[in-house]
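A quick write-up on the structure given underneath.
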Amino acid sequence: MKIAMQDTAKSRRSRSTEALILFCIGTQTFAIAADAVQEIRSTDSLATAAVEMELAEVPKVRHLVERSHRTYYVVSGCVHFGLRVTRPTLVLILRQIRTAVLVDSIERMVDVPKVHALPQAFQGEERQWYRGLTYLEDRVIPVIQPNGFLTPEEFARLDRASKSIEARHELEGAVPA
Amino acid sequence: MSGAQNHARKSWVLLHVGNRRFALPAESVMELAPPVRLHNFPHTSRLIAGVIVRRGRIVPVYDVAPVLCGRESSVHRFYLIADRAFGTDAGPDATEASAIPVNGECELATGEMQPPQENAPPYFAGTLAIEAENIDVLDLQKLVSAVRDNPSATNHAEPRP
């Protein structure tokens, strides 16, 4: 499955609203700006392209995928948010950030008039996870901060691990069978 | 009556948390909200039970019962919404509406705040002698900071979905 994000959709929307994609991880609904998502793929369609990696310091990443000559690190949404582990069926491949996120399902797209700032009372990791909250049909839904899935330090560690995987594969490929 | 005495003798909102009464300065209290839906999402902030929506605003809810009474309470269905200051000891930078689950029995009282009892936790700003009862006055800012700086004060260490 592939859902391409239509740029034309953006122009149709009023400037006073923002398009969000609602998605679920377990029983929890999250929102992410539609503009922040490059594409949505099924995990099955990416399975053959995914390379396994295991890094004790970044346990939420267990795979990487190459897309358009870029390496994307696949983050488990469950592990990232500390939720009960599920079997994700979709991958959100983010735009401009080398991160893909495993999620369970897409609920729908919505236009919201306002994203509320995260209250100052929240002082934990959620300040990196969320850029705010939206109130929609009697639900408060956290709005994801796309660059909050991996820190620059985590990217650096993953890049080092990725290079060593690549080097190992090249070496294995060079060894005659 | 001097200016200082006038300041000390002021209005307080008395609230029930668990089976104890506490006081908050009346000027910091915005409203007693009826039972409304408590919304939750993953976070790691201690003491926060979720958020409620009141008058178009998203208000964090502090579950203070485990800290003040040592256990959760199921009778807290109303929310007392008060201003909580943020900033340093030098002075608050900003305030934010914050909610405390209460049982709905709140009353207004006038009294003079006395210094806190010896060995009282830092989040008790003082005491009020009302109806032969010594009621601790809460300092919401210090209560929350105490839990943040001393995680053993509560059990909420895991992300709360």
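Observations, loosely collected:
- For B:Gly104, the requirement of being open to solvent by less than 30 Å² (accessible area, probe 1.4 Å) and assigned to a loop (DSSP other than H, G, I, E, B) is met.
- Picking from residues in segment B:124-139 that are touching a residue at least 24 places away in the same chain (Cβ under 8 Å) and not hydrophobic (A, V, I, L, M, F, W, C), the one that is surrounded by the most Cβ atoms within 10 Å (Cβ to Cβ) is B:Asp136.
- Counting residues in segment B:47-55 that are surrounded by fewer than 15 Cβ atoms within 10 Å (Cβ to Cβ), free of Cβ contacts under 8 Å to residues at least 12 places away in the same chain and on the phi > 0 side of the Ramachandran plot gives one or more.
- Odd one out for A:His69, checked against (1) of a type outside the set (Asp, Glu); (2) open to solvent by less than 30 Å² (accessible area, probe 1.4 Å); (3) over 18 Å from A:Val143 (Cα atoms): (2)
- The single condition among (1) more than 9 Å from chain A (Cβ to nearest Cβ); (2) at pLDDT 95 or above that B:Val59 does not satisfy is (1).
- Single condition A:Val110 does not satisfy, out of (1) within 14 Å of chain B (Cβ to nearest Cβ); (2) buried (at least 16 other Cβ atoms within 10 Å of the Cβ): (1)
- Inside segment A:40-55, residues that are part of a helix (DSSP H, G or I), small (Gly, Ala, Ser) and within 17 Å of A:Arg70 (Cβ to Cβ) make up a count of 0.
- Residue match in segment A:96-115 (condition: under 30 Å from B:Ala82 (Cα atoms) and touching a Leu at 6+ places or on another chain (Cβ under 6 Å)): yes
- Matching residues, segment A:98-113, being out of contact with any Phe, Trp or Tyr (no Cβ under 8 Å at 6 or more places or on another chain) and either free of Cβ contacts under 8 Å to residues at least 60 places away in the same chain or within 19 Å of A:Phe81 (Cα to Cα) (or both): A:Leu102
- Residues within segment A:114-158 that are free of Cβ contacts under 8 Å to residues at least 60 places away in the same chain and either away from every other protein chain (no Cβ under 14 Å) or of a type in the set (Gly, Ala, Ser) (or both), tallied: 10
- Look at (1) closer than 15 Å to A:Thr29 by Cβ; (2) crowded, with 18+ Cβ neighbours inside 10 Å; (3) touching a helix residue (DSSP H, G or I) at 6+ places or on another chain (Cβ under 9 Å) and you find that A:Leu102 fails only one, number (1).
The values are calculated or read from the model by the stated rules, or taken from the named source; none is laboratory data. None of the values given here were measured: they were computed from a predicted structure. Cβ: placed from backbone, ideal geometry, glycine included. Neighbour counts: every protein chain shown. In case anyone asks, the SASA skips ligands and DNA or RNA and just uses the protein heavy atoms, side chains included. Shrake-Rupley method; radii C 1.70, N 1.55, O 1.52, S 1.80 Å.
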